[in-house]
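Asks: Have a look at this one.
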Amino acid sequence: MIKNTPFYSRHLAAGGKMVEFAGYNLPLQFHGIIPEHQRVRTTVGVFDVSHMGRIRISGSDALAFVNQMTTNDASTLAVNQAQYSVMCYPDGGIVDDLVVYRFEDHLLLVVNGANNEKDTNWLQEHLRGDVRLQNITETVAQLAVQGPKAEPCLKKICSIDLSPLGFYWAARAKVADVDCIISRTGYTGEDGFELYLPAEQALRVWDELMLAGKEFQIEPIGLGARDTLRLEMKYCLYGNDIDATINPLEAGLGFVVKFDKAGGFIGADVLRRIAEEKPKRRLVCLEMKDRSIPRPHQKVYADGVEVGTVTSGTMSPSLGKGIALAYVNRKYAATGTELEIEIRGNRAKALVVSPPFYKHGSRKK
Amino acid sequence: MTEIPADLKYTKTHEWARIQGDIATVGITDFAQKELSDIVYVEITALGKTVKQNEPLGFIEAVKATSDIYAPLSGEVIEANQQINKAEGEAPAMVNRDPYGQGWLCRIRLSNPAEISGLLDSSSYAELVKRSEHH
């Protein structure tokens, strides 16, 4: 049974082309991936991300538990701070990537929608000490308001001053008179916020947001543009660029693997060994030199020899050319290396470039 | 609503053919362009060649996927829409804007006009689209 998010009626009203994604009916696009992409890069767009899994962890051992389950160091989080992180299997393969929020009396894990059940079970199996796990996905709606005009737009209907809110910090506020958690987070490379709000009041917030954003040409944005926006930033998509057969070091996520944190974490031993030996393959950014557009599963070649595989590929609306993420043999991962991708029987030239592809995002650092 | 002109013939793979004498003008349907969305490149690889019915005529690149275009009918591919074929920039988006008009793709000189009777008429194609939309 495919579920609807609280915003389903609004997607239909806005002409959304609905598809099944992570068990939900979600808009693939409204009036086109390219214009929606540009909307977020230039002013502001709204994403219904209610399909993401939201897991509340409480109890006196909650922080220690989350720290054991994730690779980043959750113990460094201040109250109301968030961090990007990864959960690994003992062999170093990735269970999921996620955002961890620390609040006064609990933590909130925001995971990929398609992995919600798997992650919940994985966490449940490892519960120890005084820890309670509650999956609150269905009762909480989630919106991402993204773009350089996200702050001036939200400011009009938000009870708190957003300007002091730092990147990856959260606050409680009323938005359109509804109690929300608001954080300066997102997956587009632009400045922006995510809102967590009671599902039953979700439509009120949506409608007020659309009114407030009118002067900035605010629009709802579909999954299609969500994918091109994240790909231009080299943000990984679980199921494409990372999965149980990939470890965070080869995925370029070493910056959230903290070997020295107290208590260790699941997968640490194997990852430490991989770090010492250096990963055999690396996730690289490839920019096409001609007009061809790379797609997932295409093979990557160097001097006629197969050296890797594309995991994500698209036409970049910002760059106007084909871009890809690909795992390649470490020897060929250096910026400036010329490679070839086999596209429809032809070997098309591609260049390894430094991330992100799009370098003008308004994202706060 | 999906537009399906009554005077055209259709394939199950969402191409249309406008037949005038022994020449068929070929494009993709309104349903197909909506499914693909954001078309950024079109190449008629079979231009100048002889193709059999259902063989690839070329391909269409949209932002999110690449799709083959299949020959509705056998014959020689005598012309491609110069505004669109291998064009860069905004031109390929004409297939999204006007799939049955300025967004036509190529012309085929038919070698076996008997195949025409095997194509779908607009009402049969409308049924097919309806089933695809409510899958």
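Asks: Taking 22 Å as R0, compute the FRET efficiency from the Cβ-Cβ separation of A:F167 and A:F255 and round it to 0.05.
Replies: It comes out at approximately 0.95.
Asks: Express in nm, to one decimal, how much length is gained between A:L319 and A:A302 on full extension, taking 0.36 nm for each residue of separation and deducting their alpha carbon distance.
Replies: Taking 0.36 nm per residue and subtracting the Cα distance, the gain is 3.7 nm.
Asks: Tell me which trypsin sites (Lys or Arg not before Pro) from segment A:71-137 have a DSSP coil assignment and no more than 11 other beta carbons within 10 Å of their own.
Replies: Listed in order of number, the matching sites are A:R128.
Asks: Can you list the residues of segment A:25-60 with backbone N under 16 Å from a point 7 Å past the Cα of A:M1, pointing along Cα to Cβ?
Replies: Correct set: A:25.
Asks: Taking the Cα centre of chain A as origin, work out the dipole magnitude from +1 charges on Lys and Arg Cβ and -1 charges on Asp and Glu Cβ, in debye rounded to 20.
Replies: So the dipole magnitude of chain A works out to roughly 940 debye.
Asks: Of the beta bridges DSSP finds with both residues in segment A:125-274, what % are antiparallel, to the nearest 5?
Replies: So the antiparallel bridges amount to about 95 percent of the total.
Asks: Which pairs in the list A:K118/B:K12; A:K118/A:K214; A:K280/A:K365; B:K9/B:K49; A:K174/A:K364; A:K234/A:K261 are over 28 Å apart, alpha-carbon to alpha-carbon?
Replies: In this structure, A:K118/B:K12; A:K118/A:K214; A:K280/A:K365 exceed 28 Å between Cα atoms.
Asks: Which whole number gives the average, over all residues in B:59-68, of C-beta atoms from other chains lying within 10 Å of the residue C-beta?
Replies: Per residue, the average neighbour count from other chains is 5.
Asks: A further question on this structure: So, R0 is 35 Å and r is the distance between the beta-carbons of A:A244 and B:K12; what FRET efficiency does that work out to, to 0.05?
Replies: The formula returns an efficiency of 0.40 here.
Asks: What order do you get for A:S50, A:S362, B:S124 when you list them from fewest to most C-beta neighbours inside 10 Å?
Replies: B:S124, A:S362, A:S50
Asks: With just the Cα atoms defining each centre, how far is segment A:226-258 from segment B:1-74? Give it in Å.
Replies: Using only Cα atoms to place each centre, the spacing works out to 36 Å.
Asks: Next up: Restrict the search to segment B:11-74; then list the trypsin sites (Lys or Arg not before Pro) that DSSP places in a loop and that have at most 15 other Cβ atoms within 10 Å of their Cβ.
Replies: When the trypsin sites (Lys or Arg not before Pro) of segment B:11-74 are filtered for loop state and at most 15 Cβ neighbours within 10 Å, B:K12, B:K49, B:K52 remain.
Asks: Packing-wise, with mean Cβ within 10 Å as the measure, how do A:64-75, A:202-213 rank, highest first?
Replies: The densest-packed peptide leads the list: A:64-75, A:202-213.
Asks: While we're looking at this one, here's another question. Between A:A334 and A:D269, how many nm apart are label points set 7 Å from Cα along the C-beta direction?
Replies: 3.6
Asks: Quick check: pseudo-label points 7 Å beyond the Cα along Cα→Cβ at A:L351 and B:E127, how many nm apart are they?
Replies: The two pseudo-label positions are separated by 5.5 nm.
Asks: Follow-up question, since we're still on this one. With a Förster radius of 25 Å, plug the Cβ-Cβ distance of A:S60 and A:S159 into 1/(1 + (r/R0)^6) and report the FRET value to the nearest 0.05.
Replies: Computed FRET efficiency for A:S60 and A:S159: 0.20.
Asks: How would you rank A:283-291, A:251-259, A:311-319, highest first, on the average number of other Cβ atoms within 10 Å across their residues?
Replies: Values: A:283-291: 20.0, A:251-259: 18.2, A:311-319: 21.7.
Output ranking for A:283-291, A:251-259, A:311-319: A:311-319, A:283-291, A:251-259.
Asks: Give the order of B:E90, B:E15 when sorted by the count of other beta carbons within 10 angstrom, beginning with the fewest. Write out the running numbers ahead of the final one.
Replies: Working: B:E90 9, B:E15 24.
Sorted ascending by nearby Cβ count, the order is B:E90, B:E15.
Asks: Calculated from DSSP H runs of 4 or more alone, at -39500 (n - 2.57) each and per residue, what is the 222 nm mean residue ellipticity of the protein assembly as shown, nearest 500?
Replies: Calculated mean residue ellipticity at 222 nm is -5000 deg cm²/dmol.
We did not get these values from a lab; they are worked out from the coordinates using the rules stated. Because the structure is a prediction, the values reported are computed rather than measured. Ideal geometry is used to build each Cβ from the backbone, glycine not excepted, and the neighbour counts take in all protein chains shown.
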